[in-house]
């Protein structure tokens, strides 16, 4: 799977660069793009009142989502765990971080190009989510068009398989195996298959609700992540940096975040029927909500941990920075 993803990387990045360059040439250069699209499309700093991406949310909210996704999501972590040693894992993570800078130039700019082409009458664009396929159909030559589309579809299938594999692994090993420790390998494989089938059906059943949260796919993904990531990010960050927190505080924080996050999701789906403080709760910008939820979960984690028994140093060995020596060796006092 990793080798497949690596090969797809060259197709996706190459196709995106080709789209960017071809789109800019068709428009007449960057200056012409700036004139048609307008200056607002070249500024990442939106006012606090911006309904989608205010600068306060970008500065304080996005890092919370990033910590959850890049440091705790099994979908990403499983790739690091597959490295042959720690050094390779670190190098791969750093290289992935550098690659993450590319979307600003090869994903965002083509979106602005699509808007400019549609605004100038050179492209038909009914919805923002149609920007990429519309650009591919107009700008990419026939032979390369099939290669880019095949790479996109392969990347989509690879991502889906990775997500379902991660979820079924967590359900099978972290939940079912603890309830049934004597289960055979064959039985666990069957449980994983059943869990995957159920997850696929649940995903299909959720599709009709997506448009109720946001009409744009990217914003929908960011919104949902803002409801589930803050408690996990709080437990991870504070747990690594401060050895005083314990499992009871972590569970209390996760449960609090789950209740508040799911409450926000349900409220947002029914926002048109709400009023008063419930409406204001459902109408908070999703990035601002992530910051508030992170603060609440952090407070719950700290308070409950201080009110309960301190974990022993043996339990924390190798898990927090305070129990790891300068050269990586664990310290137990």
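Here, each number is a calculation from the coordinates, and none is a lab measurement. The shown structure was predicted, so the numbers you read here are calculated from the model rather than taken from an experiment. FYI the Cβ positions are ideal-geometry reconstructions off the backbone, even for glycines, and counts take in every protein chain you see.
Details
- Computed over every Cα-Cα pair of the range 1-140 and binned at 5 Å starting from 0, the pair-distance distribution P(r) comes out as 2, 8, 14, 17, 16, 15, 14, 9, 4, 1, 0 percent.
- Computed from the alpha carbon atoms alone, the convex hull of the range 160-212 holds 77 Å³ per residue.
- Peptides 111-117, 68-74 ranked from most to least packed by the mean count of surrounding Cβ atoms within 10 Å: 111-117, 68-74.
- Relative to the dominant Cα principal axis of the chain, helix 185-213 is inclined by about 50°.
- For peptides 283-295, 97-109, sequence by mean Cβ density within 10 Å, most packed first: 283-295, 97-109
- The range 60-121 - Debye-derived log10 I(q)/I(0), Cα point model, q = 0.17, 0.23, 0.24 Å⁻¹: -0.73, -0.98, -1.02
- Cβ-based exposure ranking for 162, 168, in which fewest neighbours within 10 Å come first: 162, 168
- For the range 20-95 and the range 103-117, distance of Cα centres in Å: 13 Å
- Helical content alone sets the calculated 222 nm signal of the chain at -22000 deg cm²/dmol, taking -39,500 (n - 2.57) per DSSP H segment of four or more residues and averaging over every residue.
- Only Cα pairs under 8 Å and 6+ residues apart enter the sum, and on that basis the relative contact order of the chain stands at 20 percent.
- Rh (Kirkwood; distinct C-alpha pairs) - the chain, Å: 23.0 Å
- Among 16, 158, 312, sorting on how many other beta-carbon atoms sit within 10 Å of each Cβ, with the fewest leading, yields 312, 158, 16.
- Each peptide in 186-192, 54-60 gets a packing score, the mean of other Cβ atoms within 10 Å over its residues, and the list from highest to lowest is 54-60, 186-192.
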